[in-house]
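**Q** Sending over a structure as structure tokens; questions will come in a sec.
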Amino acid sequence: MQRRQTLDVNAQRSTLNGGSNISQLSTINSQQLLFGIVQGATFDDLRKSSAQAIVDLDFDGYAVGGVSVGEPEEEMMRAVEASEPFLPAGKPRYAMGLGTPPQLLEMIARGVTCSIASCRRDWHATERHLPRRVH
């Protein structure tokens, strides 16, 4: 139970840091995209609440964090599945730490729109309706 409580606190801290980052970045560089990171490890309810809180901050894109840190690949995929329904379809989404060719195919099937290596280039090429240009 203590691990779950620690993860809940960490997810809340990530949300607070994200809000701070949005306000700081807007004064430094309005052309750079900022992604919010969904936390929650393997707990579906923590992933849902983290995703909802991060989405409320209105980031340019969203990342599923806390995957690929030693858990079996099946758990990584479940973490993405638990987070993805709460992320807006009109913004880029990626799973942090995943990126082998088979994993990329699995991520696409689960609604992830890009990998970290391809996110900027591919999102810009396929989603021209974004209000800011990706550099």
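**Q** For Val134, all conditions in the list (1) modelled with pLDDT under 70; (2) loosely packed, with under 14 Cβ neighbours inside 10 Å; (3) hydrophobic (A, V, I, L, M, F, W, C) hold save one; what is the number of the exception?
**A** (2)
**Q** Taking segment 36-83 on its own, how many of its residues are among the acidic types (Asp, Glu) and touching a strand residue (DSSP E or B) at 6+ places or on another chain (Cβ under 7 Å)?
**A** 1
**Q** (1) modelled with pLDDT under 80; (2) under 29 Å from Thr6 (Cα atoms); (3) out of contact with any strand residue (DSSP E or B) (no Cβ under 9 Å at 6 or more places or on another chain): which one isn't true of Glu127, the others all being true?
**A** Answer for Glu127: the failing condition is (2).
**Q** Do we find that Gly40 is assigned to a loop (DSSP other than H, G, I, E, B), of a type outside the set (A, V, I, L, M) and either modelled with pLDDT of 75 or more or in contact with a Leu (Cβ under 6 Å, 6 or more places away or on another chain) (or both) in this structure?
**A** yes
**Q** Can you tell me which residues in segment 83-109 are part of a loop (DSSP other than H, G, I, E, B) and crowded, with 17+ Cβ neighbours inside 10 Å?
**A** Leu87, Lys91, Pro92, Met96, Leu98, listed by residue number.
Each row is one residue, and each column tells you yes or no for (1) free of Cβ contacts under 8 Å to residues at least 24 places away in the same chain; (2) of a type in the set (A, V, I, L, M, F, W, C).
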site	(1), (2)
Ala53	no, yes
Asp60	no, no
Pro72	yes, no
Glu75	no, no
Ala79	no, yes
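**Q** For Val67, state whether it is of a type in the set (A, V, I, L, M), assigned to a loop (DSSP other than H, G, I, E, B) and at pLDDT below 90.
**A** Judged against the criteria, Val67 is a match.
**Q** I'd like to check something: does segment 56-63 contain any residue that is crowded, with 16+ Cβ neighbours inside 10 Å, more than 13 Å from the chain's Cα centre (by Cα) and not aliphatic (A, V, I, L, M)?
**A** Scanning segment 56-63, I find no residue that is crowded, with 16+ Cβ neighbours inside 10 Å, more than 13 Å from the chain's Cα centre (by Cα) and not aliphatic (A, V, I, L, M), so the answer is no.
The values are calculated or read from the model by the stated rules, or taken from the named source; none is laboratory data. The shown structure was predicted, so the numbers you read here are calculated from the model rather than taken from an experiment. Glycine gets a Cβ as well: all are built from the backbone with ideal geometry, and neighbour counts include every protein chain shown.
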